[in-house]
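Below: one structure, written as structure tokens.
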Number of protein chains: 2
Amino acid sequence: MTIQEQLDILRRGTTEIISEEDLAAKLAKGRPLRVKLGVDPTAKHVTLGWAVPLRKLRDFQRLGHIACLIVGDFTTMIGDPSGKNKTRPQLTREEIAANVEAVSTQFYKILDPAKTEIRYNGDWLGKMGFEDVIRLASRYTVARILERDDFAKRLREERPIGMHEILYPLCQGMDSVEIDADVELGGNDQKFNNLVGRTLMQQFGKEGQVVMLCPLLVGTDGKEKMSQSLGNYVSVVDEPNDMYGKTMSIPDDTIENWFELCTDVPMDEVRAASADCNAGKANPRDLKRRLAREIVALYHSPDAATEADAYFVRTFSNREQPVEAQETPVPAGLERDGAVPLAALIATLGLAASNGAARRLIEGGGVSLDGEKVSEPQAAMAASDLRGKVLRVGKHQFRKLV
Amino acid sequence: MTIQEQLDILRRGTTEIISEEDLAAKLAKGRPLRVKLGVDPTAKHVTLGWAVPLRKLRDFQRLGHIACLIVGDFTTMIGDPSGKNKTRPQLTREEIAANVEAVSTQFYKILDPAKTEIRYNGDWLGKMGFEDVIRLASRYTVARILERDDFAKRLREERPIGMHEILYPLCQGMDSVEIDADVELGGNDQKFNNLVGRTLMQQFGKEGQVVMLCPLLVGTDGKEKMSQSLGNYVSVVDEPNDMYGKTMSIPDDTIENWFELCTDVPMDEVRAASADCNAGKANPRDLKRRLAREIVALYHSPDAATEADAYFVRTFSNREQPVEAQETPVPAGLERDGAVPLAALIATLGLAASNGAARRLIEGGGVSLDGEKVSEPQAAMAASDLRGKVLRVGKHQFRKLV
């Protein structure tokens, strides 16, 4: 494959490559490139959003390159020492390893394990002394660190920035130095940190890494970035019907973007189909069905995609209850005062990320029982009354409670 | 002695005590207080400027307290890793210890060795790992660090601040935590750093140190802060006649301030004498002679003070050359092309801090040979021609070259 052909594949679904000339030069060397992606060891699910850079990694692997996943155990072990950031809980090395073990199986739905290296940054950052830190810090100016959008904003708004927070970008940068990254992948929000890595590598007399930025995939709500805490996500281990159904719930104007970021369908084809829809020559629903089939086929199988599609047509095309909702026992142990809170039930069945998210779904009118909308977030019902009813969460998730 | 009497002694010659109530409370405990002063291990001379906080330490010692000198070997061992700061050369542990050994004898002209503790901050800072640094950094915000005057100014003027520089105040603060300082002494320019120590101690659950700030002594030029690099200094190991002569060269409007910061003469007495001068009832020269005698008596002896005074009267009161200038051989090895550069001669004899400072003195008209002003900074003369001549540097330093 020519360099240009490789670039065409790698460029898909990226917003910025710094710089494409450097990437071309690295590809021209003819050796496997080391492509870095930072991994947060606190998350439990690989979502389609997280899958965006992972799929880009897989593109690199298909071209013969190495995926280097950097587990940020060093910073996670420390947590946020100021105790202010709840998204950075303090975890032990063992908990972190267990989390990584758990998501690894999900990674390998996308990545080729034979071409994947998993490294823990505590292995090098944990060995640095104060003296090393000062030498490292001397390589960067305060002004450049404070250029980072969120730092600049907080400083302007006089909201506190802990001194330790401005050290984190240097930690990430050291990771690139340590593993000799050729390329670092990241979401758009990582541009600054990744460029710190590029600069630090150059300061250490190495070739600076190429920075490739991927857009942040919008969630099924069509509004916010896909995230596990917002509950607007599709996990790569969702059951086929759920994966299909959640995909069918996205707004029409996000279809093209999802095709680009979540599938391998050639973009010319997608744009043509999309134009047909806009011109009224085709139905967006059919294009979305194609999208949903592609996604299920990727993470399950083409057969599973066909079945999920058939199930969807049978059940939703005529806007009825599904005739064959998946049977699910009411989990034991949820009762409070003899009744099962619906929010807890929804969260326990994995149909929402948390009790809070489930309550918000109820408030938003997204939950019904046997076709009757539930309006009270604190609603509860005896397990015996729940059995036999069809629970509907969002547009496309159903469970027949037994 | 009552707390109030102790406070009266300790308050002399300080510009700010944060806070006096806290200091009174600490004194009321009746145990020896630990009084910290940071010491830069790169300097060779204890000047009267440096002596200001050292003398305040001695005041504490006389009241039964402990002087804790903190040698900043940690930061000096690192130097300025950005290589931009020439005043922070990189020194080895051995060189630092040798420097401290050298200035210790000068310290003990002021301090009581039995009540002095010398600690090296590398002993604790050198043991901190990256993780400890991040935890430490989390205790302070970027905004608070950037409030420091010189940081704020550089940021405003878009001049670079290295990331490592903003870690230094935390290092100094950790010193206070480590040694359990009750009080930290510093020049006015150290206010911010010393307050970081006070805050950090409180964050570590300790009682915050009291911060006592001493004014910066103005040099013999009456303009700039006394400093070894500017050459406007009096060293505590200067010969009596030089010490006396340099003191006599200060402008009249600094006399009162020098009395306050460099002697133990009661300020009521000084102010009364100063008022007499201002009213034309006394001659400032006589007040300055008293000052010079006091200083020589402190660092040499009352007899030496009397002799230096007599020498001064004999030689300068009638504005003549000294009749008995100290004989000094022309040092060997200074010739260039058969002639001794005067600037090198002046620096080698210790009459200026460096060749550059000596050249500036010549340019400023401050150097003469046998009463004839030298005007050319690059002036040089054969050693044989120099011998027999009287070299005058500044107003009051003379050497008869032999």
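The values are calculated or read from the model by the stated rules, or taken from the named source; none is laboratory data. These numbers were taken from a predicted model, which means no experiment stands behind them. All Cβ positions, even for glycine, are placed from backbone atoms using ideal geometry, and neighbour counts span all protein chains on display. Ligands, DNA and RNA are stripped out before the accessible areas are found, and what is left, the full protein with its side chains, is counted by its heavy atoms. Shrake-Rupley method; radii C 1.70, N 1.55, O 1.52, S 1.80 Å.
Looking only at region B:27-51, residues that are more than 22 Å from residue B:243 (Cβ to Cβ), basic (Lys, Arg) and open to solvent by 40 Å² or more (accessible area, probe 1.4 Å) come to 3 in all. Within region A:314-330, does at least one residue satisfy the condition of being under 21 Å from the mean Cα position of the chain (by Cα) and not small (Gly, Ala, Ser)? Taking every residue of region A:314-330 in turn, none turns out to be under 21 Å from the mean Cα position of the chain (by Cα) and not small (Gly, Ala, Ser).
Would you check if there is a residue in region B:233-245 being within 20 Å of the chain's Cα centre (by Cα), of a type outside the set (Gly, Ala, Ser) and farther than 21 Å from residue B:46 by Cβ? No: zero hits. Taking the criterion of being more than 7 Å from chain A (Cβ to nearest Cβ), without any contact (Cβ under 8 Å) to a residue 60 or more places away in the chain and open to solvent by 40 Å² or more (accessible area, probe 1.4 Å), the residues of region B:133-155 that qualify are B:144, B:147, B:148, B:149, B:150, B:153, B:154. Screening region B:241-255 for residues that are more than 21 Å from residue B:303 (Cα to Cα) and crowded, with 20+ Cβ neighbours inside 10 Å and picking the one that is modelled with the highest pLDDT gives B:255.
Is there a residue being out of contact with any helix residue (DSSP H, G or I) (no Cβ under 6 Å at 6 or more places or on another chain), of a type in the set (S, T, N, Q) and part of a helix (DSSP H, G or I) anywhere in region A:202-212? Taking every residue of region A:202-212 in turn, at least one turns out to be out of contact with any helix residue (DSSP H, G or I) (no Cβ under 6 Å at 6 or more places or on another chain), of a type in the set (S, T, N, Q) and part of a helix (DSSP H, G or I).
Kindly establish whether residue A:63 is modelled with pLDDT of 90 or more, open to solvent by 20 Å² or more (accessible area, probe 1.4 Å) and either over 19 Å from residue A:299 (Cβ atoms) or of a type outside the set (S, T, N, Q) (or both). Yes; evaluated as a whole, the condition is true for this residue. The criterion of being under 20 Å from residue A:202 (Cα atoms), at pLDDT 85 or above, in contact with a Lys or Arg (Cβ under 9 Å, 6 or more places away or on another chain) and more than 9 Å from chain B (Cβ to nearest Cβ) does not hold for residue A:117.
Can you find a residue in region A:388-400 that is without any contact (Cβ under 8 Å) to a residue 40 or more places away in the chain and farther than 19 Å from residue A:221 by Cα? Checked region A:388-400: at least one residue is without any contact (Cβ under 8 Å) to a residue 40 or more places away in the chain and farther than 19 Å from residue A:221 by Cα.
Any chance you could count how many residues in region B:57-78 are polar (S, T, N, Q) and more than 14 Å from every other protein chain (Cβ to nearest Cβ)? Matching residues across region B:57-78 total 1. For region B:379-400, the set of residues classified as outside any strand (DSSP E or B) and under 17 Å from residue B:364 (Cα atoms) consists of B:379, B:394, B:395, B:396, listed by residue number.
Under the condition of being among the polar types (S, T, N, Q) and surrounded by 23 or more Cβ atoms within 10 Å (Cβ to Cβ), the residues counted in region B:214-240 number 2.
In this structure, is residue B:126 in contact with an Asp or Glu (Cβ under 8 Å, 6 or more places away or on another chain), within 14 Å of chain A (Cβ to nearest Cβ) and open to solvent by 20 Å² or more (accessible area, probe 1.4 Å)? Against the criterion (in contact with an Asp or Glu (Cβ under 8 Å, 6 or more places away or on another chain), within 14 Å of chain A (Cβ to nearest Cβ) and open to solvent by 20 Å² or more (accessible area, probe 1.4 Å)), residue B:126 qualifies.
Candidates in region A:312-329 are the residues that are open to solvent by less than 30 Å² (accessible area, probe 1.4 Å) and hydrophobic (A, V, I, L, M, F, W, C); of these, the one that is modelled with the lowest pLDDT is A:316. For residue B:368, state whether it is open to solvent by 60 Å² or more (accessible area, probe 1.4 Å), outside any helix (DSSP H, G or I) and either polar (S, T, N, Q) or more than 22 Å from residue B:251 (Cβ to Cβ) (or both). So residue B:368 fails the test. Taking the criterion of being touching a residue at least 40 places away in the same chain (Cβ under 8 Å) and under 20 Å from residue B:180 (Cβ atoms), the residues of region B:1-31 that qualify are B:10, B:17, B:18, B:19, B:22, B:23, B:26. Given the criteria within 30 Å of residue A:391 (Cα to Cα) and modelled with pLDDT of 90 or more, does residue A:332 qualify? Taking the combined requirement at face value, the residue does not satisfy it.
The single condition among (1) out of contact with any helix residue (DSSP H, G or I) (no Cβ under 9 Å at 6 or more places or on another chain); (2) without any contact (Cβ under 8 Å) to a residue 60 or more places away in the chain that residue A:327 does not meet is (2). Could you say which residue among A:395, A:389 is closer than 13 Å to residue A:245 by Cα and charged (D, E, K, R)? Result: A:395 is the single residue among A:395, A:389 that is closer than 13 Å to residue A:245 by Cα and charged (D, E, K, R).
Taking region B:286-311 as the range and being open to solvent by 20 Å² or more (accessible area, probe 1.4 Å) and within 15 Å of residue B:257 (Cα to Cα) as the test, the residues that pass are B:287, B:289, B:290, B:294. Exactly one residue out of B:239, B:178 is closer than 30 Å to residue B:353 by Cα and of a type outside the set (S, T, N, Q), and it is B:239.
For region B:257-283, residues that are crowded, with 17+ Cβ neighbours inside 10 Å and farther than 16 Å from residue B:226 by Cα total 5.
All of (1) modelled with pLDDT of 90 or more; (2) within 21 Å of the chain's Cα centre (by Cα); (3) under 30 Å from residue B:130 (Cα atoms) hold for residue A:111 with one exception: (3). Can you find, within region A:156-179, the residue that is nearest to residue B:147 (Cα to Cα) among those that are in contact (Cβ under 8 Å) with a residue 24 or more places away in the chain and of a type in the set (A, V, I, L, M)? Only one residue tops the list, namely A:166.
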